[in-house]
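> First the structure, then my questions, so here it is.
No lab work stands behind these numbers, since they all come straight from the coordinates. No experiment lies behind these values; they were computed from the predicted model shown. In this analysis, Cβ positions are derived from the backbone assuming ideal geometry, glycine residues included, and neighbour counts consider all displayed protein chains.
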């Protein structure tokens, strides 16, 4: 997915929000605004938005002296999700198809996004996931494929944000119960509220899966920038679950880089992302306005290693 001109205004909006989190000094806020305004014309529009955001956040960190402005917020998000995890585990275990129930709750958790969102209601998103159909729903295909995989098949789960990773744990537990070998990839360095290795460990993901990083401080997984360890896991996986907008933006047109089936789990919080998904699926852009539509999208591989969208 290429960067849109609409992304430029979003970068400026994010920059000011982060500057104000990082510093109370209005002089610093102005300095950040001017620096990002100078950076925008230099952006390579053929790159994905997450790739272009790396320079934005690096500039903010340099000018404010704060490398991880969302550190406290990330811990709060994790703690809040962990507080309700036991009741969600019971809910999933008592459901008719635990993996499908877990997938819906995990997708709802993708609403926790301080890059794309100014505010959000996690409780409302979880409630909607229980009652409202997904805008695209390939959960049955994912369930059936996971059940067909031989024991110890390799699943790569691309994690996204803090708090959200606790809801991801519901899915990871189900995959492990199916006898699958799960690896979770988080980010290497701080970027917005994305989960890092320490977050995954603090939330207990390492009790069920091997945790690696993708080698970047990018809010996505651009393969050209990822570490050899991540690329090996990506290309050797039997099944890939890609979580969140950033991973979708960077990988939606790179599915051929792995022989694995790739499923994208996300909440759409941006009309540019919605329009891109509409283009990929042949649906109307009106179906994905970017107001919290929940999606489980599967670009299914067909004969000859081409891909077709299953919606």
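> What share of Cα pairs, in percent, lie more than 28 angstrom apart in the chain?
Distances greater than 28 Å cover 35 percent of the Cα pairs.
> Separation of region 58-98 and region 110-129 by C-alpha centroid, Å?
Using only Cα atoms to place each centre, the spacing works out to 11 Å.
> Another question, if that's okay. What distance in nm lies between label points placed 7 Å from Cα along the C-beta direction at residue 93 and residue 176?
Taking the two extended label points, one gets 1.3 nm.
> OK, next. Which distance in Å, rounded to a whole number, links the C-alpha centroids of region 151-187 and region 239-269?
The distance from the Cα centre of region 151-187 to that of region 239-269 comes to 14 Å.
> Hey, rough spin-label estimate for residue 33 and residue 287, points 7 angstrom out along Cα→Cβ, what's it come to in nanometres?
4.1
> Relative contact order (percent) for the chain, with alpha-carbon contacts under 8 angstrom and 6 or more residues of separation?
Computed over the chain, the figure is 18 percent.
> Right, something else. Could you give me D for region 122-266, from Stokes-Einstein at 37 °C and 0.692 mPa s, where the hydrodynamic radius is the Kirkwood radius over C-alpha pairs? Units µm² s⁻¹, please.
In µm²/s, the coefficient rounds to 214.
> Rounded to the nearest 0.05, what FRET efficiency do residue 121 and residue 259 have when you use their Cβ-Cβ distance and R0 = 30 Å?
According to the calculation, E is roughly 0.15.
> Hey, what angle do you get for helix 49-64 against the long axis of the chain, alpha-carbon based, 0 to 90 degrees rounded to 10?
Around 40 degrees separate the two axes.
> Based on DSSP H runs of at least 4 residues, each adding -39500 (n - 2.57), what is the mean residue ellipticity at 222 nm of the chain after dividing by all its residues, to the nearest 500 deg cm²/dmol?
Taking each H run of at least 4 residues, the total per residue is -15500 deg cm²/dmol.
> Report the Cα-based extents of region 5-64 along its three principal axes, largest first, to the nearest Å.
For region 5-64, the Cα spread along each principal axis is 35, 15, 14 Å.
> Here is a follow-up. Could you give the nm distance between label points at residue 79 and residue 229, where each point is 7 Å from its Cα heading toward the beta carbon?
Those two pseudo-labels are separated by 2.9 nm.
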